[in-house]
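A.B. asks: Mind having a look at this structure? Questions to follow.
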């Protein structure tokens, strides 16, 4: 354990450099650059609002805020896990030549996406002002679901990175799984419209409860303790499983990439 | 002087060669159910033990596939051995493939920091040495251009400059270093020779006994994954030459003889006058005589 920490200390600058690189290169050579972190959620939320406004009816004046909260969290989760999954393979030339702790690659991918996500929450604040959603003291609690989401993404990232080294199919399978997660996370509809016998679907969704609690914070409600418990379970289990799996298999990576 | 820096203790490296490569889930599951996952074991290295003291310059000789690169990768920490222990004290600089860690979208300057971080240097250190790196690499104004627009020589020069900016305790050289043009080659060789003078430990892999003699003080021979000889460089190089290079020469001679005898029989069948010479000469002779006829 001591050795791991020492090693981390030695390479934390690399973690910082790789995270910086991911952010810098993401928007390089596009004319609007980092502005896309803000524009992209605005545009997609606009589209989703136009499409789904009829389903919800006109009674919710802050429907765009509702969509935005779900979409921002989901898109961070999907981007981070997708990128982390490919991280070992896309850095294979380096892994074959220089010793670097391998977890640095997936972890830096998740971190860079988290930072981009944090920047894009500016859009959410803007939307709250425009649609008159008053922030309350509960907005401070939003750090809890966000940390859970970060831990969950790290865990899933490590698991997927390991699996994808041995089975390329994971990349396609996870794409399908992400779509399923998106439609069952109540991003653009109210969870209340689903009948009780189908409620288990939400429990099977790792990010549904995180989004639920994040929305509670934004709308000024206290955290839902039951949901908090479930999402903590998902986050911690995935992180532990990810670390164990990654450490067990990392010495075999080089033989498969 | 005789401080031990590398200790290789009974190292073995096993590769599982799957008879048919399975890299998708469906095939894997089907084969798992049918109990058809079979591996063919292949030991790239077996029972290798040696120690390297500080200041030793060790040449590793061996034919293709003898396990030289695998051994270096294990010492560099890239590969993990299936058996045995390895201890390395000090900082290793692998000069394997220079510039392999560059990001093509990044500029030269950004890549200096990235590559430095990969080699485990802290940020302050890289900032401090930044100018020295740029100067040594002779990149000039191109330092602010994305690396994808660099020539391969420029990339190699920059990679070499970063990798050797710090004096490592152990230098790993795979094959000969040919970086950039003649001028830079000289400069880089000088830098490495300077390191030698300071008592750096070197591991050098090569097929050429001439190079090994020039660089190393000690040599080992690997053959099909086993360590078969270890000793002073001249002795070992001589042994290597006798054992392998002469063998190859003999083989070549044999082949030549065979060819010659085939050629002989052919020309004998044609019944040309110059039956002692090779087939080619006969043809030429024929043409020449033809031309001579035309002249008449």
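The numbers here are math on the coordinates, done by the rules we state, and not lab data. As the structure is a computational prediction, the values presented were derived from the model and not from experiment. Methodologically, a virtual Cβ is constructed for each residue, glycine included, from the backbone with ideal geometry; neighbour enumeration extends over all protein chains shown.
A.B. asks: Compute the Cα gyration tensor for segment A:147-257, then decide on rounded, prolate or oblate, letting a ≥ b ≥ c be the square roots of its eigenvalues: rounded whenever a/c is under 1.5, prolate when a/b is larger than b/c in the other cases, and oblate in all that remain.
C.D. replies: prolate
A.B. asks: Now for a different question. Over the C-alpha atoms of segment B:106-175, what are the Rg and the largest Cα-to-Cα span, Dmax, in Å?
C.D. replies: Gyration radius and largest Cα-Cα distance of segment B:106-175: 11.7, 33 Å.
A.B. asks: What is the distance, in nm, between label points placed 7 Å from the Cα along the Cα-to-Cβ direction at residue A:140 and at residue A:39?
C.D. replies: 3.7
A.B. asks: Over segment B:144-239, one equal point on each Cα, no solvent: what is log10 I(q)/I(0) by the Debye formula at q = 0.15, 0.20, 0.25 Å⁻¹?
C.D. replies: For the requested q values the scattering log ratios are -0.70, -1.05, -1.35.
A.B. asks: Counting only helical runs of four or more DSSP H residues, what would the 222 nm mean residue ellipticity of the protein assembly as shown come to if each run contributes -39,500 (n - 2.57) and the total is spread over all its residues?
C.D. replies: Calculated mean residue ellipticity at 222 nm is -19000 deg cm²/dmol.
A.B. asks: Also: Between helix A:225-249 and chain A, what is the angle of the helix's C-alpha long axis to the longest principal axis, kept within 0 to 90° and rounded to the nearest 10?
C.D. replies: The two axes meet at around 20 degrees.
A.B. asks: Sticking with this structure for a sec: Would you mind ranking A:1, B:154, B:118, B:195 so that the residue whose beta carbon has the fewest other beta carbons within 10 Å leads the list?
C.D. replies: A:1, B:195, B:154, B:118
A.B. asks: A follow-up question, please. Based on alpha-carbon atoms only, what is the radius of gyration of segment B:54-244 relative to the globular estimate 2.2 N^0.38 Å?
C.D. replies: So the Cα radius of gyration is 1.08 times the expected 2.2 N^0.38 Å.
A.B. asks: What distance in nm lies between label points placed 7 Å from Cα along the C-beta direction at residue B:50 and residue A:9?
C.D. replies: Modelled inter-label distance: 3.5 nm.
A.B. asks: Mind checking the angle between helix A:63-90 and chain A's longest principal axis? C-alpha axes, 0 to 90 degrees, to the nearest 10.
C.D. replies: 10
A.B. asks: Taking the Kirkwood radius as the inverse of the mean 1/r across Cα pairs, report the Rg/Rh of segment B:22-88.
C.D. replies: Reported Rg/Rh, Kirkwood definition of Rh: 1.16.
A.B. asks: Let me ask something additional. Tell me, what is the FRET efficiency for residue A:25 and residue A:53 to the nearest 0.05, using R0 = 35 angstrom and their Cβ-Cβ distance as r?
C.D. replies: Between residue A:25 and residue A:53 the formula returns 0.45.
A.B. asks: Please report, largest first and rounded to whole Å, the three semi-axes of the ellipsoid equivalent to chain A, where each semi-axis is the square root of five times an eigenvalue of the C-alpha gyration tensor.
C.D. replies: In descending order, the three semi-axes are 33, 21, 17 Å.
A.B. asks: Could you line up A:209, A:61, B:207, A:221 from fewest to most neighbouring Cβ atoms inside 10 Å?
C.D. replies: A:61, A:221, B:207, A:209
A.B. asks: Over the Cα atoms of segment A:1-77, Rg to Rh with Kirkwood Rh, two decimal places?
C.D. replies: Reported Rg/Rh (Cα atoms, Kirkwood Rh): 1.23.
A.B. asks: How big is the protein assembly as shown along each principal axis, measuring the range of its Cα positions in Å and listing the largest first?
C.D. replies: The Cα atoms of the protein assembly as shown stretch 108, 64, 56 Å along the principal axes, largest first.
A.B. asks: Please give the helix A:2-26 orientation as an angle from the longest Cα principal axis of chain A, in degrees from 0 to 90, rounded to the nearest 10.
C.D. replies: 60
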